[in-house]
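Structure first, commentary second.
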Amino acid sequence: MSRRPLIREVPPTSWFFRHPRYLRYMAREITCIFVGAYCVLLVVALQRLAAGPEAWAGFLQGLRSADSIVFHLLALAAALYHAGTWFNATQKAMPLQVGENFVPGNVISGAHYVVWVVLSLAILFFAGVF
Amino acid sequence: MDTIRTDVAIIGAGGAGLRAAIALAQTDPTLRIALISKVYPMRSHTCAAEGGAAGVIKPDDSFDLHFDDTVGGGDWLSDQDCVEYFIHEAPKELLQLEHWGCPWNREADGSVAVRPFGGMKKKRTWFAADKSGFHILHTLFQTSLQFPSITRHDEYYALDLLVDDGRCQGLTAMEMRSGELRQFHAKAVIICGGGAGRMFPFSTNGAIKTGDGMAMAYRAGAPLKDMEFVQYHPTGLPNTGSLLTEACRGEGGILVNKNGRRYLQDYGMGPETPVGQPQLKTMELGPRDRVSQAYWHELQKGNTVTTQWGECVLLDMRHLGEKKINERLPLVRELAEAYLGVDIVKEAVPIRPVVHYMMGGISTNTAAATPLPGLFAAGECACVSLNGANRLGSNSLVELLVFGRRAALSAIEHIQGLPAPDAAALGACADATQKRIDTLYARTDGTESMSGLRREMMDTMEKNVGIYRTEAGLQEGVAKIHELRQRYGRVILTDKSKVFNTDLFQVLELGSMLDCAEAVTVGALARRESRGAHQRLDYVDRDDRNFLRHTMVYHQGLDAPRVDYLDVVITKSPPGVRDYSGDHK
Amino acid sequence: MKERTVQLEVLRYNPDTDTEAHFQRYEVVCQEEWVVLDALNKVKADIDPTLNYRWSCHMAVCGSCGMMINGEPKLSCHAFLRDYEGVIRVEPLTHFPVERDLVTAPDDFMEKLKRVKPYVIGKMKPIEEGEHRQTPAQLMKFRQYSMCINCMLCYAACPEYGLTPHFVGPAALTLAHRYNLDSRDEGRKERMEVVATKEGVWECTFVGACSEVCPAHVDPASALQQLKIVGSIDWIVEHLLPGGKS
């Protein structure tokens, strides 16, 4: 008749199914794979550009394939989710105290979104979109 | 039974126990300190105190004023030498807490802020939002972690004191997680086990407030003093009994009856002060006993508001505004919203008086020493007597600190030159505990349900020992509690296992509460006067000639306790009139 | 007062008789406005005295009554029956060993709380000199992080703590941050030796579950991210800048 504490194991590969918040977390983490893959794609693009007009044309042709379009859609969605969750998180890491009060977190995150939009528009402008 | 050897054992790790432990560790780092509690220290009921802690610190205040407020508030039953000591130590203790990191609210210039509180002539209540007790407890607990000489025994249920050679030299306790009994051999024991408000069905008290420390001392021969003085806090939630701090009124909240009338002015606390501009020591800032008693009178007159939870009055804080409420009363707002569905910013909240604090307890002198050598006590479980017949709000949190420390210093004095405890003699005493527990486990012919007895005790206390008492009611109460104590001898322990057996703990707690309840009822019956929180419909006046004395109740086993009296120490304030009208000087 | 019959499915475990945990169903008549704790208390008083759990204040300030209610870490005194339908599943707080029924063993948490040195470190000035001056702004800097009631719901919610138990964890690290931010403290360097370690704040991957479940609005996740920044700056100063101490 004595103590025998019960240990409940955490399932190492399926713990994130226990609650929607963990699935959202894993989705956020998985987005980095797409972000990383797109970076690799950009490096490949540079390499193809340096290899001459034929290589470049072939690369552009490849971008138009069905697989490529699907990948780009997924990568765009992932990047948006990645950016959104990151911007929403920044307010936690950088509290701004003014006197006795704190700048509302939404203002800090909101500022990130604004900067993001401005930079995106600038890039599109320099790319000649408008 | 395993033995743990230590120098000083402290029972209870709330504000008083932790303060005592730190004082011991700081004064003599070579001392072995055993800090024993039936809960982890952060769970101690100190955490639920909200309003603040009083100490003279501002230039417009004086020790004389704090003295007068406390002695008058206690209806002249406080021992004035004790009050004198207390008021001088209070600001030092609060400053010590500040140095240890307590997040006291501040003025704009960075000095500590104080707020008005009931029964106090000047603003002197230090506060940390409306979670002062919480912050005090956590500051003390976290500070205690740096002292290696404090050995904590968390979740140990203290059972009996060990007495040998006329001195208290330890205790027995059960390690709750294993059910194993242990004996602690010490040269001094400090009890900081808290009050026993759970003997009533409706209180602000948490589940753990069952008077175990009081009962242990009582059974070991130390008298319980002034137990009949039970404080009703005027503003508790009508369904859960949760505390809405006095600071609600300190910040300007008003009490109205069903007709919208601020009824306190009809009971000697008028004239009516402007809404939102509370005047110290009058109207809603009158002392707790008077404010709670006013509710009872309104109830008799039919002026209370009928709600689904019973008869209430209304606490209106709407005029304070959302900003002030969020800054100073955030917990109150949360509690009312969560448990009652009332937003105090928009509506008046229904409240009623609830049992909150016991002025009485283990009798000690100003040095926190009980009549049993080697046994000390501090906090709500003790009766020094600082609070007399009625405690002023915000004196209790400081009481923990002042007398927790004092008990430690007294314990150190006591143990100088003492020989180590006689292990064999104490071991023999400890057998009594073993027998007590074995009997419960072995009993097969029990007839009494634990929860049934508990319900009967609570109903008896509510009915017979309430805000207003009568001879007939008290006699019925005394007889009933006496009967329950006898029937407790046949209580059933349903759960016979050893590991964390809360059925056992509740059975033991019931025993403690019944012992304390007997002291309360017997003391109340014997005191044929009205004073402070003890009000009798058949003896409505204060009787200084016969009762300017403390009630002392002595345990006599299963027989009725013996009642004796001890004179109150009067030094510079002879009994006067308690004047809480707006015209008082 | 309206009544409601509630069904509770409660995890039971008694080391004397059980090798595994099992569930027990209770049906109890409750008041509509009650919390799960009230239902448990009624079960214990009227139906089954052998059910074990911790509780005390019933006002969400003592931190005793943490448990899993329908898979979510909650204080049972703050889990309102009106928010639940059907059978309510009640289990002990995840990621802690189960002592008995709903009672867990919090030893690991208590040790970690102590490890981060949660007390003012520095030269103590004499009492006679009065209080440290601390403006309301300085107080507000850390006050939110001093509100932790040590209920351990954040440890139950944190998957890092579940998968890597050596993680110091949200509440303990937040308490370290609370003292780091307190203008009266001088112990930041000492604490960072415990905090800015592999098992300290660097185990955190900002899942954020801790802040979602915290009943005292402490927001431990924010404290941990701020600690990461402090830790990083410390490291840069120490290793990359000239004159940084090594």
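Read-outs throughout are calculated quantities, based only on the coordinates presented, and are distinct from any laboratory measurement. All figures in this text were calculated on a predicted structure; none of them were measured in a lab. Glycine also receives a Cβ, built like all others from the backbone with ideal geometry; neighbour counts cover every protein chain displayed.
Amide H to amide H, with H built 1.01 Å from N, residue C:12 comes under 5 Å of C:22, C:23, C:24, counting only residues 5 or more places away or on other chains. Normalising the average separation of contacting C-alpha pairs (under 8 angstrom, six or more residues apart) by the number of residues puts the relative contact order of region C:3-104 at 32 percent. For region B:1-138, what is the percent of antiparallel DSSP beta bridges, rounded to the nearest 5? Here the share of antiparallel DSSP bridges comes out near 55 percent. With each run of n ≥ 4 DSSP H residues scored as -39500 (n - 2.57), what mean residue ellipticity at 222 nm is computed for chain B after dividing by its residue count and rounding to the nearest 500 deg cm²/dmol? Using -39500 (n - 2.57) per qualifying helix, the result is -11000 deg cm²/dmol. Computed from the C-beta positions of residue B:306 and residue B:63, the FRET efficiency with R₀ = 51 Å rounds to 0.65. Modelled spin-label separation between residue A:121 and residue B:149, with each label point placed 7 Å from Cα along the Cα-to-Cβ direction: 6.9 nm.
Compute the Cα gyration tensor for region B:103-153, then decide on rounded, prolate or oblate, letting a ≥ b ≥ c be the square roots of its eigenvalues: rounded whenever a/c is under 1.5, prolate when a/b is larger than b/c in the other cases, and oblate in all that remain. Prolate, because a/c is 1.5 or more and a/b exceeds b/c. Cross-link partners of residue B:123 among aspartates and glutamates, defined as those whose alpha carbon lies under 15 angstrom from its own and excluding same-chain residues fewer than eight positions apart: B:60, B:61, B:64, B:68, B:69, B:107, B:246, B:251, B:284.
Remark on residue B:152: its backbone amide H falls under 5 Å from those of B:35, a criterion applied only to residues 5 or more positions apart or on other chains, H modelled at 1.01 Å from N.
The helix-only estimate of mean residue ellipticity at 222 nm for chain A, built from DSSP H runs of length n ≥ 4 each weighted as -39500 (n - 2.57), is -25000 deg cm²/dmol after division by the residue total.
For region C:107-240, what relative contact order do you get, as a whole percent, if you take Cα pairs closer than 8 Å and at least 6 residues apart? Dividing the mean separation by the residue count of region C:107-240 yields 30 percent. Among the listed pairs B:225/C:112; B:281/B:301; B:92/B:346; B:92/B:121; B:435/C:112, those with a Cα-Cα distance over 32 Å are B:225/C:112; B:92/B:346; B:435/C:112. Does anyone have the angle between helix B:132-144 and the longest principal axis of chain B? Alpha-carbon axes, 0 to 90°, nearest 10? Relative to chain B, helix B:132-144 is tipped by roughly 30 degrees.
Past 28 Å, Cα to Cα, is the threshold; run C:42/C:114; B:131/C:114; B:38/C:114; B:38/B:496 against it and keep the listed order.
As for pairs spanning more than 28 Å Cα to Cα, those are C:42/C:114.
Provide the net charge surrounding residue B:225, with neighbours chosen by a C-beta distance below 11 Å and charges set as Lys +1, Arg +1, Asp -1, Glu -1. Don't skip to the end; give the middle numbers.
Numbers: positive: B:549; negative: B:79, B:226, B:228, B:564.
Local net charge: -3.
Dividing the summed -39500 (n - 2.57) terms of all DSSP H runs of n ≥ 4 by the residue count of chain C sets its mean residue ellipticity at 222 nm at -9000 deg cm²/dmol. When the Cα gyration tensor is reduced to axis lengths a ≥ b ≥ c, the ratio a/c is 1.5 or higher for region B:330-413, and with a/b above b/c it is classed as prolate. Computed over region A:15-94, relative contact order equals 38 percent, with contacts defined as Cα pairs under 8 Å that lie 6+ residues apart. Can you tell me the orientation of helix B:63-73 relative to chain B, as the angle in degrees between its alpha-carbon axis and the longest Cα principal axis, to the nearest 10? Helix B:63-73 sits roughly 80 degrees off the main axis of chain B. For a paramagnetic label modelled at 7 Å from the Cα of residue A:83 toward its Cβ, which residues of region A:105-130 fall within the zone defined by backbone nitrogen distances under 20 Å? From region A:105-130, the list is A:106-130. Amide H contacts for residue B:374 (H built 1.01 Å from N in the peptide plane; partners 5 or more residues away or on another chain; cut-off under 5 Å): B:168. In this structure, residue B:346 and residue B:459 have a Cβ-Cβ separation that, at R0 = 35 Å, corresponds to a calculated FRET efficiency of about 0.45.
Absence of a disulfide-compatible partner, taken as no other cysteine beta carbon within less than 4.7 angstrom, is noted in chain C for C:30, C:65, C:77, C:148, C:151, C:158, C:204, C:214. Per-peptide packing, taken as the mean over residues of other Cβ atoms within 10 Å, places B:319-330, B:375-386 in the sequence B:375-386, B:319-330 from highest down.
Would you mind telling me the antiparallel percentage of the DSSP bridges in region C:3-104, rounded to 5?
For region C:3-104, the DSSP antiparallel bridge percentage is about 85.
Secondary structure note: in the protein assembly as shown, about 70% of the DSSP beta bridges are antiparallel. On a C-alpha basis, how far is the centre of region C:128-160 from the centre of region B:400-448 in Å? Whole number, if you could? One Cα centre to the other: 37 Å.
Among rounded, prolate and oblate, which fits region A:15-94 when a ≥ b ≥ c are the square roots of the eigenvalues of its C-alpha gyration tensor, a/c under 1.5 means rounded, and a/b larger than b/c means prolate?
Since a/c reaches 1.5 and a/b is larger than b/c, the shape of region A:15-94 is classed as prolate.
Output the peptides B:202-212, C:207-217, B:182-192 sorted from most to least packed, where packing is the average of other Cβ atoms within 10 Å over each peptide's residues.
Result, highest mean Cβ count within 10 Å first: B:182-192, B:202-212, C:207-217.
Summing Lys and Arg as +1 and Asp and Glu as -1 over all other residues whose Cβ lies under 13 Å from the Cβ of residue B:490 gives a net charge of 0. In chain B, the longest principal axis of the Cα atoms and the axis of helix B:288-301 are about 70 degrees apart.
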